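The values are calculated or read from the model by the stated rules, or taken from the named source; none is laboratory data. If you're wondering where the values come from, they're calculated on a predicted model, not measured in any experiment. Every residue, glycine among them, receives a Cβ derived from its backbone with ideal geometry; neighbour counts consider all protein chains shown.
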Amino acid sequence: MTFVTAQWNRLLAIVGRLSTYRLVLVALSILTLLSLVLALFDRVAPSAPALLATFVVLNAVCVAVDAVGQRLTRRTWRIESSLITAGILMFVLYPTAEPTGLMGVAIAGALASGSKYVLAWRGRHIVNPAAFGASALSVVTLLSGAQGLGAAGWWVGAPALALPVIVLGFLVVARAGKLRPVALFLVVALSVNLARVALVYNGAGAAVDVATVISSVLWSSPFFFLAAFMFSEPLTQPPRRWQQFVVAVVVGVLAGAPLTLGPLVLGPEAAVVIGNVVAFAFAYATRARLQLTFVGRESLTPSVEELSFRASRRLRFEAGQYLELEVPHPHADARGTRREFSIVSAPEELPVVKIAMRRGSQSTYKQALAEIEPGRRLSVTGIWGDFVLPRNPETPVLLVAAGIGVTPFVSQLRHLRLSGGARDVVFVYVASGAEELAFRHDLERAGIPVIVFTRDEPTALPSHWRWAEGVRLDAEGLQRVVPDLASRHAYISGPPGLIADLAPALEHARGLTTDAFAGY
């Protein structure tokens, strides 16, 4: 299990170099170019002219509607969002070069982009725009009787595109951190769809060729594309994993066996919309856009500083969760204008919200964040995460912090102190040097055993702290400094590459939960 954790974090370290938006756009661009090539050899159903015409119309309409919507709502224009919406619709709608069909394509694109501003709650869209646009087009076509307008075709479920969709989709899911709910969705959707197809065969009195049916469901279904590029969208997911699992089951069942309401068939796109509504019902309070007013910063170590904000309204979070902070700035690099930060402050400190960051990064985002002045308002697009301590306070835990990965643990320890809670905690702190031990005051006030792994020996350590004295942090070294490791649930937080290196050292722990910081 620790081997899988290590490899997963090594992959996350690679894909984390791009923002989720940029990675999705790159993946959709590759799939579009590949589809054009395949169309020339008749390996996909749409023709190359139809693909090109649909591509042009979708991008023009989505960009135009988003430009107007963002101007009216005074938001920063994010052209990537427009291009992603168009790119997804490209594979959901059936491409055409016919004037009436292109009108339908334009309607779907306009409704998809418009939904970001109309179907929104405090600045954040409620449903996946592409799923809504495709669903709305089906309704428009049905009500108008103009069949030429078209509807969702899901031609992306072509055997020739299956492998590229799976590979690129896997990278997108890894970057979004939604592997488990996506896997559950696929299991449910594929199983339900397999059973549905088998029932159709039986109903028609035909023999069921299990191998053929399975092959058809796996390689000719749209579920892989839907899972990676629509279902996994972070902005329409609820904050907790168990809630994401519930949504995965709902969407999986509805996508695998579409419902029929009179003449209207609720296809996979409608399943996504319904799942989005369920997700919104779970977490409407935390899914709303929140404004944070910057108060000030405090230097903690030569490379780490703590940033303090004041929330514009009431919010809820659990110690150990993270927020996504948007810092609009010109000429953003490939990692975009958003980053995820563990919340350093405890829930008891609200309305003050604190995060920490490492200085010296060359990213345009970090440079922009380093230049903000007190009074500047920034947007939080959501609060997520399951990196929380066990519900049972009797469960012994081991907390392993690598560098800036100390931040979620600081929130948890502050919460324990301020709420009067108590736990059996052992803390292992890995830093490049003694001068880089951030939040020493919080750790000292927690009164827990702390083992420090640094190149040089820290000075004036409290009585319940000890330096590892050059012990290597591997399985043997960890067992030496934490002899009761097997009885503890281990939590490790830090850069994904470092987590990958340290994960094997925790193979003897009672359980393992990780929190990787991607995109830095």
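Can you find, within segment 222-246, the residue that is farthest from the chain's Cα centre (by Cα) among those that are outside any helix (DSSP H, G or I) and either modelled with pLDDT of 85 or more or over 24 Å from Ala174 (Cα atoms) (or both)? Walk me through it before giving the result.
Filtering segment 222-246 down to residues outside any helix (DSSP H, G or I) leaves 222, 232-233, 237-240.
From what's left, either modelled with pLDDT of 85 or more or over 24 Å from Ala174 (Cα atoms) (or both): 222, 232-233, 237-238, 240.
Values: Pro222: 21, Ser232: 7, Glu233: 6, Gln237: 8, Pro238: 10, Arg240: 12 Å.
My answer is Pro222.
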Ala86: of a type outside the set (Lys, Arg) and modelled with pLDDT of 95 or more, yes or no? yes
In the list Leu137, Leu142, Leu149, which residue meets the criterion of being more than 19 Å from Ala227 (Cβ to Cβ), in contact with a Pro (Cβ under 7 Å, 6 or more places away or on another chain) and buried (at least 16 other Cβ atoms within 10 Å of the Cβ)? Leu142
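Having 3 or more residues that are touching a strand residue (DSSP E or B) at 6+ places or on another chain (Cβ under 8 Å) is the bar; report the helices (runs of 4 or more DSSP H) wholly within segment 34-125 that clear it.
Working: elements: 48-72, 79-92, 99-118.
By residue number, 99-118.
Go over the candidates Thr407, Thr395 one by one and state the one that is polar (S, T, N, Q), in contact (Cβ under 8 Å) with a residue 24 or more places away in the chain and buried (at least 21 other Cβ atoms within 10 Å of the Cβ). Lay out the reasoning, then the answer.
On the way: Thr395 fails: buried (at least 21 other Cβ atoms within 10 Å of the Cβ).
Only one candidate qualifies: Thr407.
In a helix (DSSP H, G or I), out of contact with any His (no Cβ under 9 Å at 6 or more places or on another chain), of a type in the set (Gly, Ala, Ser) and modelled with pLDDT under 90: is that true of Ala285 in this structure? Working first, answer last.
On the way: in a helix (DSSP H, G or I): no; out of contact with any His (no Cβ under 9 Å at 6 or more places or on another chain): yes; of a type in the set (Gly, Ala, Ser): yes; modelled with pLDDT under 90: yes.
So Ala285 does not fit the description; no.
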Single match in Leu52, Leu34, Leu111 (criterion: of a type in the set (A, V, I, L, M), buried (at least 20 other Cβ atoms within 10 Å of the Cβ) and closer than 27 Å to Gly267 by Cβ): Leu111
If we scan segment 74-89, do we find a residue that is free of Cβ contacts under 8 Å to residues at least 40 places away in the same chain, crowded, with 21+ Cβ neighbours inside 10 Å and of a type in the set (A, V, I, L, M)? yes
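Give the residues of segment 55-73 that are surrounded by 20 or more Cβ atoms within 10 Å (Cβ to Cβ) and farther than 23 Å from Gly169 by Cβ, sorted by residue number. Let's see the steps before the verdict.
First, pick out the residues of segment 55-73 that are surrounded by 20 or more Cβ atoms within 10 Å (Cβ to Cβ): 57-58, 61-62, 65-66.
Across segment 55-73, the qualifying residues are Val57, Val61, Val65, Asp66.
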Conditions (1) β-branched (Val, Ile, Thr); (2) farther than 21 Å from Ser493 by Cα; (3) at pLDDT 90 or above -> Val380 fails only (3)
Determine the pairs where a residue that is touching a residue at least 60 places away in the same chain (Cβ under 8 Å), located within segment 352-366, has a partner that is assigned to a helix (DSSP H, G or I) with Cβ atoms under 7 Å apart, the partner being 6 or more residues away or on another chain. Ala356/Ile404; Ala356/Thr407; Arg358/Ile404
What about Ala108, is it under 21 Å from Ser29 (Cβ atoms) and at pLDDT 95 or above? yes
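Listed here are the residues, each with its yes/no results for (1) of a type outside the set (D, E, K, R); (2) farther than 24 Å from Arg359 by Cα; (3) within 28 Å of the chain's Cα centre (by Cα).
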| site | (1), (2), (3) |
| --- | --- |
| Thr407 | yes, no, yes |
| Ser419 | yes, yes, no |
| Arg423 | no, yes, no |
| Val430 | yes, no, yes |
| Leu437 | yes, no, no |
| Asp442 | no, no, no |
| Arg445 | no, yes, no |
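Which one is nearest to the chain's Cα centre (by Cα), of the residues in segment 375-397 that are small (Gly, Ala, Ser) and closer than 25 Å to His329 by Cβ?
Step by step, filter segment 375-397, then rank; the result is Gly382.
Restricting to segment 374-400, name every residue that is of a type in the set (D, E, K, R) and touching a strand residue (DSSP E or B) at 6+ places or on another chain (Cβ under 7 Å). Outline the logic, then answer.
Taking segment 374-400 and keeping what is of a type in the set (D, E, K, R), we get 376-377, 386, 391, 394.
If the condition is that a residue be of a type in the set (D, E, K, R) and touching a strand residue (DSSP E or B) at 6+ places or on another chain (Cβ under 7 Å), then Arg376, Arg377 are the ones that fit.
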When Val167 is evaluated against the numbered criteria (1) closer than 21 Å to Val250 by Cα; (2) surrounded by fewer than 19 Cβ atoms within 10 Å (Cβ to Cβ), which criterion, by number, is the only one it fails? (1)
Condition check for Val249: in contact (Cβ under 8 Å) with a residue 60 or more places away in the chain, assigned to a strand (DSSP E or B), over 30 Å from Ile79 (Cβ atoms) and not assigned by TED's automatic domain parsing to the domain that holds Ala356: no
Residues that are within 18 Å of His489 (Cα to Cα) and either buried (at least 16 other Cβ atoms within 10 Å of the Cβ) or outside the structural domain of Arg480 (by TED's automatic domain parsing) (or both), drawn from segment 412-426: Gln412, Leu413, Leu416, Arg423, Val425, Val426
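Residues checked against (1) among the hydrophobic types (A, V, I, L, M, F, W, C); (2) under 16 Å from Glu269 (Cβ atoms):
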| position | (1), (2) |
| --- | --- |
| Leu186 | yes, no |
| Gly203 | no, no |
| Val210 | yes, no |
| Val213 | yes, no |
| Pro222 | no, yes |
| Leu226 | yes, yes |
| Ser232 | no, yes |
Count of segment 252-267 residues which are closer than 13 Å to Leu190 by Cα, out of contact with any Pro (no Cβ under 9 Å at 6 or more places or on another chain) and part of a loop (DSSP other than H, G, I, E, B): 1
Test: residue in segment 369-389 that is over 27 Å from Asp442 (Cα atoms) and of a type in the set (A, V, I, L, M, F, W, C): no
